[in-house]
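A.B. asks: Got a structure for you, questions after.
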Amino acid sequence: MTRAAPTAWPADGAELLEPSISYALVTVLAVTPELLPRPTPCRGWDLRMLLRHASESLGAISEGIEAGRVGLDPAAEDDDLAADPARAFRDRLCQLLDAWTGPGRQRQVIEIAGCPLAGNVMAAAAALEVAVHGWDISRACGQRRPIPRALATSLLAIAPVLVPRAGRHPLFAAPVTVPATVGPSDRLAAFLGRTSWP
């Protein structure tokens, strides 16, 4: 049985990608070298590890948008990523935005390991990753800045398609139960296994 796409599925992934990048750019401003060893809502990861992971993911997504394919071999870590992961994350966010908004760059299909993926689906997946890692960064820095309500609501609508309950481990922890009173930002984080309540 095939799961139907949610009615809120965006026709244009940039509708979610651009505000996700804007949100993450704001949250990463709080990062200082002293905060890099702090734990994040991603179990077992400190802030430095999270920024490096997110930067590598952004590099792969930009590659897909620019070249029409994503390679499976990880790129060699550059000096900026090792020396200043917050700056590298900001740079990669800007590169991703440039790649997505550049003329002729919004490809219809992107190949990942020989499998085609619609460009707007890749952009929506990138938006989800960027926004939730922005949320992680904010929590690790003690900021508790929520994902903007409209963005979080849209991402929450498509998250079950992008991250189905079956087969999500080990990339994502099981969803976390949260109080009915929390907003869409925290509900989205909880769906992706984040635990940072109350």
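A.B. asks: Accessible area, 1.4 Å probe, largest first: how do I112, I147 sort?
C.D. replies: Result of the area sort, largest leading: I112, I147.
A.B. asks: Under the rule of at least 5 residues apart or a separate chain, name every residue whose amide H is placed under 5 Å from the amide H of R69.
C.D. replies: E111
A.B. asks: Alpha carbons only, please: Rg and Dmax for the chain, in angstrom.
C.D. replies: When restricted to Cα atoms, the chain yields Rg and Dmax of 16.1, 49 Å.
A.B. asks: Please name which of S22, G183, S154 has its Cα lying farthest along the dipole of the chain towards the positive end, using unit charges on Cβ (Lys, Arg +1; Asp, Glu -1) and the Cα centre as origin.
C.D. replies: Projecting each Cα onto the dipole axis, the largest value belongs to G183.
A.B. asks: Counting only the heavy atoms of the protein chains, how much of H133 is accessible to a 1.4 Å probe, in Å² to the nearest 10?
C.D. replies: 20
A.B. asks: A further question on this structure: If R₀ is 41 angstrom, what is the calculated FRET efficiency for the pair A180 and A113, using the beta carbon separation as r and rounding to 0.05?
C.D. replies: With R0 = 41 Å, the Cβ-Cβ based efficiency is 0.55.
A.B. asks: Could I ask something else about it? Along segment 122-139, what does the Karplus equation 6.51 cos²θ - 1.76 cosθ + 1.60 (θ = phi - 60°) give for ³J(HN,Hα), rounded to whole Hz, x for Gly and Pro?
C.D. replies: 5, 5, 5, 5, 5, 4, 4, 5, 4, 5, 5, 5, x, 4, 4, 4, 4, 5
A.B. asks: So with the 1.4 Å probe, I'd like the accessible area per residue for the chain, rounded to whole Å².
C.D. replies: Ligands and nucleic acids excluded, the figure is 52 Å² per residue.
A.B. asks: On to the next question. In the chain, carbon and sulfur make up what percent of the accessible area (probe 1.4 Å)?
C.D. replies: The nonpolar share, carbon plus sulfur, comes to 56 percent.
A.B. asks: Please list 3J(HN,Hα) in residue order for segment 24-35, calculated via the Karplus relation 6.51 cos²θ - 1.76 cosθ + 1.60 where θ = phi - 60°; whole Hz, with x for glycine and proline.
C.D. replies: So the Karplus estimates, Gly and Pro as x, are 5, 4, 6, 5, 6, 4, 7, 6, 10, x, 5, 8 Hz.
A.B. asks: Output wanted: per-residue J couplings in Hz (rounded whole) for segment 169-177, from phi through Karplus 6.51 cos²θ - 1.76 cosθ + 1.60, θ = phi - 60°, x for Gly and Pro.
C.D. replies: 7, x, 5, 9, 6, 5, x, 10, 7
A.B. asks: Compute, for R92, the solvent-accessible surface of its heavy atoms (probe 1.4 Å) with the complete set of protein chains present, and express it in square angstrom to the nearest 10.
C.D. replies: The accessible area of R92 comes to roughly 40 Å².
A.B. asks: Now, a different point. Using +1 on the beta carbon of Lys and Arg, -1 on that of Asp and Glu, and nothing else charged, what's the dipole of the chain about the Cα centre, debye to 20?
C.D. replies: For the chain, the charge dipole is close to 900 debye.
The values are calculated or read from the model by the stated rules, or taken from the named source; none is laboratory data. In this text, all values refer to a predicted model and were calculated from it rather than measured experimentally. In this analysis, Cβ positions are derived from the backbone assuming ideal geometry, glycine residues included, and neighbour counts consider all displayed protein chains. To get the accessible areas, we keep the full protein, side chains included, count just its heavy atoms, and leave off ligands, DNA and RNA. Shrake-Rupley method; radii C 1.70, N 1.55, O 1.52, S 1.80 Å.
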